[in-house]
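Below is one structure; the comments refer to it alone.
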C-alpha cells in the first residue's frame, strides 16, 4: 500500500487566496483525521471523519476552514480566504476502525501564506 | 479537555547513555501511542500500548503504560545518533476517538 497520500506537498499562496489540500487515505481505513502542526501550538486536531461523516470539527479554527470527505478514498481541507497565520504543516492521517488502532500519517502539506 | 504533557521537551544526550521520556495525561485512557518524527518528515508509529502494564520494545527503545498513574514512559538504552528525532506520545481518551498529542520531545544524540 502506498500509505496516506497528500497533495500538494508544498503550497505558497498570497493572503486572501483560497487553498485546497487533498488527502487519499489508506484503502480500507474508515477513520480520517486532519491535523495542523506549528512550532508554537504543536499538533492540533482539526477535524475527524468516520465512514466519511464529520464527527468532530471543534478543532477547526474558524469559518474560513472547511473539510469534506465525499467518499472513502478522498478528503479535502479548504481555507478561504487564507491568512498568514494559517501557515503550518497540515497532516492527514487515517486508521482502521474507530479506536485502539494506530493512525498512519501522510507526508504533510507545508502551507505558506504570504 | 484532555491534556498530554511530555517531559523533557528537549534532550541532548551522549551516545551510549540511557534516558527516559515521560508522558503524563489528564483523563482515563488505556490507549496510548508513541510516534517518531524526523525533521521535515511525517510521523511514524513506534508503539501502540492498549492496557495497563503494557510494555513494548523495539531495538533500543522500550515503552510502557501505567493507566492508574496516567503515565507512559519511553526508555532509551545505549543511545545512538540514529535515534535523534522528535518523539511524540498521543493519548486517546476512553470516551473519545481522536489522538491527542503531546508537544513532543526533541532528542539529540551526540558522540
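We did not get these values from a lab; they are worked out from the coordinates using the rules stated. All values reported here derive from a predicted model rather than from experimental measurement.
Report, as a whole number in µm² per second, the diffusion coefficient that Stokes-Einstein gives for chain B at 20 °C and 1.002 mPa s using the Kirkwood radius over alpha carbon pairs. It diffuses with D of about 154 µm²/s by this estimate. If one computes the Cα centroid of segment B:33-62 and of segment A:68-96, what distance in Å separates the two points? First find each Cα centre; the distance between them is then 25 Å. Among A:12, A:89, A:53, the largest mean-square fluctuation in a Gaussian network model of chain A, built with springs joining Cα atoms closer than 10 Å, belongs to A:12. The alpha carbon radius of gyration of segment A:18-72, expressed as a multiple of 2.2 N^0.38 Å, is 1.16. If you wrap the tightest convex hull around every Cα atom of segment A:50-114 and split its volume per residue, you get 102 Å³.
When the alpha carbon coordinates of segment B:3-49 are projected onto the principal axes, the ranges are 36, 22, 17 Å, largest first. Calculated on the alpha-carbon coordinates, the convex hull of segment A:1-102 measures out at 103 cubic angstrom per residue. Projected onto their three principal axes, the Cα atoms of the protein assembly as shown cover extents of 50, 37, 34 Å, largest first.
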